[in-house]
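Have a look at the structure below, then the notes.
The values are calculated or read from the model by the stated rules, or taken from the named source; none is laboratory data. Every value quoted in this text rests on a predicted model; they were computed, and no experiment measured them. Virtual Cβ from ideal backbone geometry, glycine too; neighbours counted across all protein chains shown. These area figures cover heavy atoms from the full protein model, side chains too; ligands, DNA and RNA do not enter into them. Shrake-Rupley method; radii C 1.70, N 1.55, O 1.52, S 1.80 Å.
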Amino acid sequence: MGKVDLEKQYQDYLKRMELSEDRMHPAQRVETRRAFMGGYGQSLAVMRDQVGAMPDNEAIECMEDMWSQIGKFWLKEAGREK
């Protein structure tokens, strides 16, 4: 079974957000990492405790809805809300 490297995921996130730890204030660096890991952990808990207990078709719909919510959030953040 393959493993997911959370540090790589964090670095990928920084790139996607056009952030660099080298240019961050030390407090921002710590809090950004904490927020990322906290959000990742919360997502895993939701997948395990809620989505994993759903029938497949309901789980797929739930995942699609979560993706939609995330997309809407980022559109709003970018000022491109529909």
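Points to keep in mind about this one:
- In terms of its C-alpha gyration tensor, the chain comes out oblate, because a/c is 1.5 or above while a/b does not outweigh b/c.
- Packing here is the average count of other Cβ atoms within 10 Å per residue, and on that basis the peptides 56-64, 18-26, highest first, run 56-64, 18-26.
- Packing around the peptides 35-47, 1-13, taken as the average count of other Cβ atoms within 10 Å per residue, puts them in this order, highest first: 35-47, 1-13.
- Calculated accessible area for the chain comes out at 85 Å² per residue, all protein chains present (probe 1.4 Å; ligands, DNA, RNA ignored).
- Surface share of carbon and sulfur [accessible, 1.4 angstrom probe, percent] for the chain: 54
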